[in-house]
Amino acid sequence: MKKFRADLHIHTVLSPCGDLGMSPDVIIARAKEMQLDIIGITDHNSTRQCRVVKELGEISGIFVLSGSEVTTKEEVHCLAFFETDKQLFDFQGFLDKHLPDIPNDVNRFGHQVAVDAENNISFTEERILTSALNKSIDQVEAEVHRLNGLFIPAHIDKTRFSVIGQLGFLPPDLKVDALEISPFCRQDEFLSRHPVLRNFTFVSGSDAHYPEQIGKRVTVFELRHPGFREIREAMHATGPWRTEIIN
């Protein structure tokens, strides 16, 4: 078993709040610079930039968790990751079906484009991606797990757009693979306020919207090798050591 450094929360040029410099090649280059072994691609309510980042990651020796940061009907942000292209494609269909038909205002919210490996625009999303889906958090969780994905409520320490901030608690019947805290939160301080969550696995990431933010918060996994199933096993492990949040 070895320890691998991961930043599981990175936005690309596709997210309207993401910098236009967050192209796949820049993300991979910055991940290499920060000595990351694993990154998670988490654009708002879309998976359409994952494939190119994953392909470039394979060339550079970086494992890419492909997924999205989903906004539920309650305006709770949740990370969802998938192992196969088919699962990712099916989840994109779910997102397309349940994202409201509200046009994006480029001047107000920013561009929403996916690019290829040469940074040519390959897709433009016309609907604003930061809208909430018309599905509840339990319905999103059920769909993620129906597709055998990983479901992680995002930045749960925040007062807005988190499961605790929006609902006031973590629903006891919600099946989560891990809980994410924001890059500005200390795990020990959070657990001192929420000791009931002590037995969950915690992860964190940079929530990067700009290249210089990538790798500013890291989760360390102990794995045989970087891979989807190994990461799932680490999140589901029992005992005193599961993950370590540093930076």
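Rule-based calculations on the coordinates, nothing more; no lab input. Please read these numbers as outputs of a predicted model, since none were measured by experiment. Glycine gets a Cβ as well: all are built from the backbone with ideal geometry, and neighbour counts include every protein chain shown.
Sequence-distant contacts, meaning Cα pairs under 8 Å at least 6 residues apart, place the relative contact order of segment 150-224 at 25 percent. Semi-axis lengths, largest first, of the ellipsoid equivalent to segment 102-184 are 28, 17, 14 Å, with √(5λ) applied to each eigenvalue of the Cα gyration tensor.
Given +1 on the Cβ of Lys and Arg, -1 on the Cβ of Asp and Glu, and no further charges, what dipole in debye does the chain carry about its Cα centre, rounded to the nearest 20?
That gives a dipole near 580 debye.
A straight chain from Glu74 to His111 at 0.36 nm per residue would run longer than the Cα-Cα distance by 10.8 nm.
Per residue, the convex hull spanned by the alpha carbons of the chain comes to 115 Å³. Estimated from helical segments only, the mean residue ellipticity of the chain at 222 nm is -8000 deg cm²/dmol, where each DSSP H run of four or more residues counts as -39500 (n - 2.57). Here's how it looks for Val203: its modeled amide H is under 5 Å from those of Leu179, Glu180, Ile181, which are all 5 or more places away or on a different chain.
Note: relative contact order over the chain, using C-alpha pairs below 8 Å and six or more positions apart, is 24 percent. Near Ala154, once Lys and Arg are set to +1 and Asp and Glu to -1 for all other residues with Cβ below 9 Å from its Cβ, the sum equals -2. Less than 5 angstrom separates the built amide H of Val115 from those of Ser122, all sequence-distant by 5 or more or on a different chain.
So what is log10(I(q)/I(0)) for segment 127-228 at q = 0.19 1/Å, when the Debye sum runs over its Cα atoms only? Treating every Cα as an identical point scatterer, log10 I(q)/I(0) equals -1.17.
In the chain, what % of DSSP beta bridges are antiparallel (nearest 5)?
So the antiparallel bridges amount to about 60 percent of the total.
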